[in-house]
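Here the structure comes first, spelled out in structure tokens, and everything after it is commentary.
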Amino acid sequence: MQVTTTIAYIGLGSNLAEPIKQVQFAIEKLKNIAQSKVIKVSSLYLSKPMGPQDQDDYINAVLALETTLTPIELLDTLQHIENEAGRVRKENRWGARILDLDIILFGNEIINTERLTVPHYGMRVREFVLLPLAEIAADLVIPAAIGEEQQSVRFLSQNIANNAMVKLSLD
């Protein structure tokens, strides 16, 4: 039986409990998940919160992961890492969080289930996803559902306001 390998792009974000350390913790955990290999990691970026503005700024990054896991197995793994970091899921969708890991893309798949939507439903309009993703995969073309237009990460990232987002240098 042939094993299928897929490149998945994972969005990482945190704005609680030393956010840089939280994102770095997640990157280290992702380097050690079964049947997977981290192949690229963007720089870390400081970004304004998308939801209520009475919360701290976020640290964001995007990571490319080569994996033989299914999308749901990967989602379960990401949620386990979030839980390990101490994430508590609340009803406030855009509130502060200790760690947020999202599957942005999973190969060229289009997935729309109760638990998972890929490509991530907001990726085309979120600078904190597009700019780090462009850093590691600018030529990537985002899969489009019937009736949608295919667009490259480069095009989208060049046509989005950066909303005062700052690329961090941790040297």
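The values are calculated or read from the model by the stated rules, or taken from the named source; none is laboratory data. Nothing here was measured: the structure is a model prediction, and the numbers come from that model. A quick note on method: Cβ atoms are made from the backbone with ideal geometry, for glycine too, and the neighbour counts reach across all protein chains shown. Remember, those area values only see protein heavy atoms, side chains included, never the ligands or the DNA or RNA. Shrake-Rupley method; radii C 1.70, N 1.55, O 1.52, S 1.80 Å.
At a glance:
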item: Stretch in the chain that is longest and holds no trypsin sites (Lys or Arg not before Pro) that DSSP places in a loop and that have at most 16 other beta carbons within 10 Å; result: 1-88
item: Straight-distance crosslink candidates among aspartates and glutamates, where the alpha carbon sits under 18 Å from LYS167 and sequence neighbours closer than 8 are dropped; result: GLU18, ASP56, ASP57, GLU127, GLU135
item: Percent accessible area from carbon and sulfur atoms, the chain, protein chains only, probe 1.4 Å; result: 50
item: Zero-based 5 Å bins, Cα pair distances in region 25-171, whole percents; result: 2, 9, 17, 22, 23, 18, 9, 1, 0
item: Within the chain, longest stretch free of exposed chymotrypsin sites (Phe, Trp or Tyr not before Pro) [DSSP loop, at most 11 other beta carbons within 10 Å]; result: 1-93
item: GluC sites (Glu not before Pro) restricted to region 31-101 and DSSP loop, no more than 14 other C-beta within 10 Å; result: GLU91
item: ASP56-VAL125 pseudo-label distance in nm [points 7 Å out on the Cα-to-Cβ vector]; result: 2.8
item: Spin-label proximity, GLU73 to region 1-27 - amide N less than 17 Å from point 7 Å beyond Cα toward beta carbon; result: 1-9
item: Average accessible surface area per residue within the chain, 1.4 Å rolling probe, Å²; result: 55
item: Neighbour-limited loop hits for GluC sites (Glu not before Pro), region 110-141 (at most 13 other Cβ within 10 Å; DSSP other than H, G, I, E, B); result: GLU114
item: Contour minus Cα-Cα distance for GLN150 and GLU114 (0.36 nm per residue); result: 10.6 nm
